[in-house]
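Encoded as structure tokens, the structure appears first; notes follow it.
The values are calculated or read from the model by the stated rules, or taken from the named source; none is laboratory data. In this text, all values refer to a predicted model and were calculated from it rather than measured experimentally. Reconstructed Cβ throughout: ideal geometry from the backbone, glycine too, with neighbour counts over all protein chains shown.
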Amino acid sequence: MSSIWIVRDYENCSGCRRCELACSIHHEGWMWPEASRIRVFMPFPGVEVPHLCAQCDDYPCVESCPVDALSVDSGTTAVIVDEEACIGCGACAKACPGTVPHLHPRNRKAVICDLCGGDPECVKVCREAGYNALRLVHEEMNGHRKLFARNPVDVAKDLAVKLFGEKGEEVIA
Amino acid sequence: MTPRGYAGKYLDVDLSREKIGDITLPEETLEQYFGGRGLGAKILWDRIGDRWSEVDPLGPENVFIALTGPMTGIYPGGRICCTGKSPVSNGTVGSTASTEFAHELRTAGYDGVIVSGRAEEPVYLLVTEGGGEIRDASHLWGTMGEETLRTLNKEVSDELFSRDPDMGLMKEPGMIYVGPAGENMVRNACVMTKLCHAAGYGGYGSVMGSKNLKAIVAKGRGPIPEVYAPEAVKLLWKRAHEHLISRDSFRRQGTGYGGWSTGNFYSSEPIRNWQEEWHDERSIGGPMFETRFWVKKQWSDFNCTTGCMKVSCVKTGRWKGAITDNPDYELQSYCGTNFGIYNPEANIHLSALIDNLGHSGIGGANTMGYAAELYQRGILTEEDLGFELTWGDTEAFDRLARLIAYREGIGDVLAEGTYRAALRIAEMKGLKPEELLTYAVHVKGIEVGAHGTRSDEDFLAHDIGYAVNVQGGDHTSVVRDGYHELSGSVFADSAVICNFARTPQELIFDFAKAVTGYPITVESWRRETGPRIVTLQRALLMLGGPDVTWEPVRDDENPPRFYEPLPSGPFKGRTTDRELVRRRRLVYFETLGWDERGIPTKETLEKLDLSFLEKSMSWLR
């Protein structure tokens with residue numbers, strides 16, 4: 001199945017968080033970092049991890065939803081949240097191998113990247129700044145994606161070693 | 001209430017009484033002082049007022065203030081502004097640092113934190129949408145910056161997650177903290193954040209230390225505060241970023257190419273405590289850092305696409321494990337050339353060490369260079385220090401940084417900062433104060449940033465730049481003419497945005513107007529708001545006390561060294577023009593409506609709505 005995916009090159013991420021601002025302006029109408037569908041975690045300075053839906057091929061979050069509020073968009077393959085149906089139970093976050101979904105800080109509905117319908121704002125601003133930590137690809141669905149669904153602190157621990165060598169082993173508790 | 005970019009409330013903490021609550025400030029005060037540097041000075045006056053000269057900056061009656069401004073987090077480059085009565089200048093400094101702490105505070109619903117009193121035991125503050133909490137920090141006391149960060153990130157993230165696990169993960173909190181130097185009240189110690197970012201000038205790390213306050217941690221989940229004209233702000237936000245992205249060379253180099261070029265091109269870099277300002281040591285050139293040590297070439301702070309920071313890491317050899325930013329130009333020079341060190345590895349190590357200890361990389365390193373010159377001149381001896389302190393000896397400067405941070409041996413004297421240490425050493429050695437002050441490169445107790453005035457070629461500092469600066473040697477706030485800088489650094493420090501996220505002035509002021517709805521213009525800041533803030537700061541600086549009081553005019557001067565002729569380089573023989581300083585100082589005072597001694601006149605105070613200062617200023621006149 002053809003789908004859209006956001007490639008994430010962690011070491012290119014500057015930590016500017018303009019992706020969070022562009023995302024929340026698009027979805028919330030205003031700058032709102034913790035309501036963003038993409039969030040850049042920084043468990044240690046210099047170690048920035050863009051955290052967003054990896055679009056696993058088996059969609060455990062969709063499977064886990066007790067009220068069928070989540071579905072897969074047939075065009076983009078993004079997970080779509082039916083806010084009317086969502087009861088804010090948090091089952092999707094627990095089912096996700098990377099704990100990517102989170103509840104909206106105000107209405108407590110699940111927040112998951114919808115790829116902005118195919119033209120994601122986060123990718124646009126990252127490309128505009130020349131970082132290309134986020135890139136859009138059109139490709140076949142593949143099983144590797146699920147391996148990107150990881151807790152951001154675990155990702156950061158690996159990335160710290162890549163950046164800092166041996167010292168990287170100890171910077172994140 | 002009309003949205004004006006403010007979250008709307010401030011956290012008011014009394015550590016002595018363990019009382020914590022929310023306060024609001026009148027809208028008129030916000031419009032008159034905006035935020036950060038300006039508002040901080042006003043809050044200080046309101047809290048301390050006529051008792052200013054009696055209040056010990058390191059006593060419980062001082063107030064530590066961390067403020068944002070209405071544009072913080074919205075305009076590119078979010079910062080926090082730390083202030084209080086300064087233990088080095090005895091006036092006030094708006095000391096800013098780039099950090100995620102700023103927007104975390106605002107998204108938690110607070111524009112700032114005001115801390116008075118002194119805790120019995122070490123504490124830290126946690127600020128969330130639920131309010132403020134005073135928490136035990138005994139397990140953090142004594143830790144270096146890196147460990148403080150690591151421990152608090154984990155501890156606070158885990159706890160906030162456990163309070164509402166269904167919400168899923170939230171990003172780590174933002175924080176400001178002090179290292180051992182702040183804890184031990186090294187006078188010029190920094191408030192630290194993000195491992196290697198610092199609110200450097202003013203010595204507010206020691207103020208936090210004096211209150212037994214290890215850190216302030218904030219985590220918000222709400223939106224960035226609403227603004228007056230959101231659609232206009234979104235458009236201006238895009239345009240601001242376009243400007244920043246177009247600055248290609250600054251984005252590539254940051255200030256991390258300055259270690260060679262500032263000395264080599266402009267002859268304005270501190271070398272061996274300013275004995276020279278020119279060098280041609282290409283080993284400390286930008287590409288030598290970039291090629292071998294920059295593991296991240298574009299490192300940004302919140303909402304900034306300039307990315308002037310670069311993450312450095314030493315992965316091999318004697319200094320393996322040192323992590324810092326570029327280092328930026330100030331630390332490349334102050335922890336490099338100023339120590340006679342031209343080796344990037346040693347420079348990265350010393351910068352990282354200074355950050356970890358919570359020293360000021362400018363102030364603390366200036367004092368260390370000062371001590372090394374005294375050693376060179378035989379005034380301080382191996383017996384005084386416990387070791388040889390030779391230029392270029394990385395191990396020796398490493399040792400000295402630790403001695404000062406822990407106030408051990410001679411470190412206890414040097415921990416008083418360059419000016420006070422000079423007086424103490426004069427006393428120790430039975431010398432006249434001026435014999436020691438002649439090598440002390442400070443203005444009103446604040447060690448001078450790494451931009452000399454002698455060549456007159458520097459891109460920041462000239463003649464009266466520091467001499468009449470209400471923030472002394474602070475290079476981020478140098479005076480140009482009492483007019484232009486008021487819509488520049490004075491505005492940026494009060495809006496609490498980054499001076500390096502520079503876009504055209506019209507854009508910045510359109511942005512400010514769209515955020516607040518106030519009728520703000522470049523002119524209104526140059527003629528009214530800026531003068532109000534600087535005049536208030538001048539008043540507090542000249543009130544000073546209790547341990548130090550500055551003499552108008554006599555102390556509105558450059559350090560003696562800035563009048564010695566440059567001994568080397570293409571501008572050899574040049575020096576700061578003393579007569580020009582005298583004339584420009586008078587013009588500056590006149591421009592701001594101060595008398596010939598720089599004391600604000602009654603008419604000026606009335607015009608700027610500062611009549612509350614009249615009583616103490618009439619006493620100074």
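Scanning segment A:23-59 for residues that are of a type in the set (Asp, Glu) and closer than 26 Å to A:Ser74 by Cβ yields A:Glu28, A:Asp57, A:Asp58.
Residue under question is B:Leu126, and the condition is that it be under 30 Å from B:Ser86 (Cβ atoms), in contact with a Lys or Arg (Cβ under 7 Å, 6 or more places away or on another chain) and assigned to a loop (DSSP other than H, G, I, E, B); does it hold? For B:Leu126, the condition - under 30 Å from B:Ser86 (Cβ atoms), in contact with a Lys or Arg (Cβ under 7 Å, 6 or more places away or on another chain) and assigned to a loop (DSSP other than H, G, I, E, B) - is not met. Hey, among A:Glu28, A:Glu48, A:Glu83, A:Glu63, which residue is away from every other protein chain (no Cβ under 11 Å) and touching a helix residue (DSSP H, G or I) at 6+ places or on another chain (Cβ under 9 Å)? From the options A:Glu28, A:Glu48, A:Glu83, A:Glu63, the qualifying one is A:Glu63. Could you look through segment A:23-41, keep only residues that are closer than 17 Å to B:Asp301 by Cα and over 14 Å from the mean Cα position of the chain (by Cα), and pick out the one that is surrounded by the most Cβ atoms within 10 Å (Cβ to Cβ)? My answer is A:Met31.
The set of residues in segment A:105-119 that are over 12 Å from the mean Cα position of the chain (by Cα), closer than 15 Å to A:Cys53 by Cα and buried (at least 17 other Cβ atoms within 10 Å of the Cβ) comprises A:Ala110, A:Cys116.
On inspection, B:Glu506 qualifies as free of Cβ contacts under 8 Å to residues at least 24 places away in the same chain, charged (D, E, K, R) and surrounded by fewer than 24 Cβ atoms within 10 Å (Cβ to Cβ). In summary, helices (runs of 4 or more DSSP H) completely within segment A:1-105 and bearing 2 or more residues that are within 30 Å of B:Leu152 (Cβ to Cβ) occur at A:18-28, A:91-95. Suppose the filter is touching a strand residue (DSSP E or B) at 6+ places or on another chain (Cβ under 9 Å) and either away from chain B (no Cβ under 14 Å) or under 30 Å from B:Pro3 (Cα atoms) (or both); does A:Ser3 pass it? In short, yes. Set side by side, the residues B:His462, B:His451 differ, and just one is more than 30 Å from B:Asp56 (Cα to Cα), assigned to a loop (DSSP other than H, G, I, E, B) and in contact with a His (Cβ under 7 Å, 6 or more places away or on another chain), which is B:His451. When the test is whether a residue is closer than 29 Å to B:Val490 by Cα and at pLDDT 95 or above, B:Lys429 does not pass it. Of these, B:Gly544, B:Gly530, B:Gly573, which one is small (Gly, Ala, Ser), buried (at least 21 other Cβ atoms within 10 Å of the Cβ) and either more than 21 Å from B:Gly91 (Cα to Cα) or out of contact with any Leu (no Cβ under 6 Å at 6 or more places or on another chain) (or both)? Testing whether each residue is small (Gly, Ala, Ser), buried (at least 21 other Cβ atoms within 10 Å of the Cβ) and either more than 21 Å from B:Gly91 (Cα to Cα) or out of contact with any Leu (no Cβ under 6 Å at 6 or more places or on another chain) (or both) leaves just B:Gly544.
A single entry from B:Thr255, B:Thr262 fulfils the requirement of being buried (at least 20 other Cβ atoms within 10 Å of the Cβ), touching a residue at least 60 places away in the same chain (Cβ under 8 Å), hydroxyl-bearing (Ser, Thr, Tyr) and in a loop (DSSP other than H, G, I, E, B): B:Thr255.
Scan segment A:93-125 for residues that are within 14 Å of chain B (Cβ to nearest Cβ) and either of a type in the set (Asp, Glu) or closer than 22 Å to A:Asp9 by Cα (or both) and the total you get is 12. Just one of the listed residues (A:Cys116, A:Cys126) is closer than 30 Å to B:Leu244 by Cα and in contact with a Leu (Cβ under 8 Å, 6 or more places away or on another chain), and it is A:Cys126. Within segment B:147-162, residues that are under 13 Å from B:Leu195 (Cα atoms) reach partners that are modelled with pLDDT of 95 or more and aromatic (Phe, Trp, Tyr) with beta carbons closer than 6 Å, at six or more positions or on different chains, in the pairs B:Thr148/B:Tyr177. Being modelled with pLDDT under 95 and more than 14 Å from every other protein chain (Cβ to nearest Cβ) holds for only one residue in A:Asp68, A:Asp57, A:Asp73, and it is A:Asp57. For A:Gly165, the requirement of being farther than 24 Å from A:Cys92 by Cα, within 12 Å of chain B (Cβ to nearest Cβ) and not in a loop (DSSP other than H, G, I, E, B) is met. B:Thr83 meets the conditions (1) under 29 Å from B:Trp237 (Cα atoms); (2) more than 21 Å from the chain's Cα centre (by Cα); (3) not aromatic (Phe, Trp, Tyr) in every case but one. The failed one is (2). Evaluate the following for B:Ala450: is it among the aliphatic types (A, V, I, L, M), closer than 30 Å to B:Ala422 by Cα, in contact with an Asp or Glu (Cβ under 7 Å, 6 or more places away or on another chain) and touching a residue at least 60 places away in the same chain (Cβ under 8 Å)? Criteria met by B:Ala450. The strands (runs of 3 or more DSSP E) found entirely in segment B:1-83 that carry 1 or more residues being without any contact (Cβ under 8 Å) to a residue 12 or more places away in the chain are B:19-23. Scanning segment B:31-53 for residues that are closer than 18 Å to B:Ala102 by Cα and in contact with a Phe, Trp or Tyr (Cβ under 7 Å, 6 or more places away or on another chain) gives a single hit, B:Leu39.
Looking only at residues in segment B:90-107 that are more than 12 Å from chain A (Cβ to nearest Cβ) and part of a loop (DSSP other than H, G, I, E, B), the one that is nearest to B:Gly40 (Cα to Cα) is B:Gly94.
Rundown of residues vs (1) in a loop (DSSP other than H, G, I, E, B); (2) more than 14 Å from chain A (Cβ to nearest Cβ); (3) modelled with pLDDT under 95, yes/no style:
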| residue | (1), (2), (3) |
| --- | --- |
| B:Ser206 | no, yes, no |
| B:Lys214 | no, yes, no |
| B:Gly222 | yes, no, no |
| B:Trp237 | no, no, no |
| B:Ala240 | no, no, no |
| B:His279 | yes, yes, no |
| B:Thr291 | no, yes, no |
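Taking the conditions (1) away from chain A (no Cβ under 12 Å); (2) outside any strand (DSSP E or B); (3) closer than 27 Å to B:Pro327 by Cα in turn, B:Glu159 satisfies each one other than (3).
Since B:Ser249 meets every condition but one in (1) over 30 Å from B:Thr575 (Cβ atoms); (2) of a type in the set (Ser, Thr, Tyr); (3) outside any helix (DSSP H, G or I), which condition does it not meet? (3) is the only condition that B:Ser249 fails.
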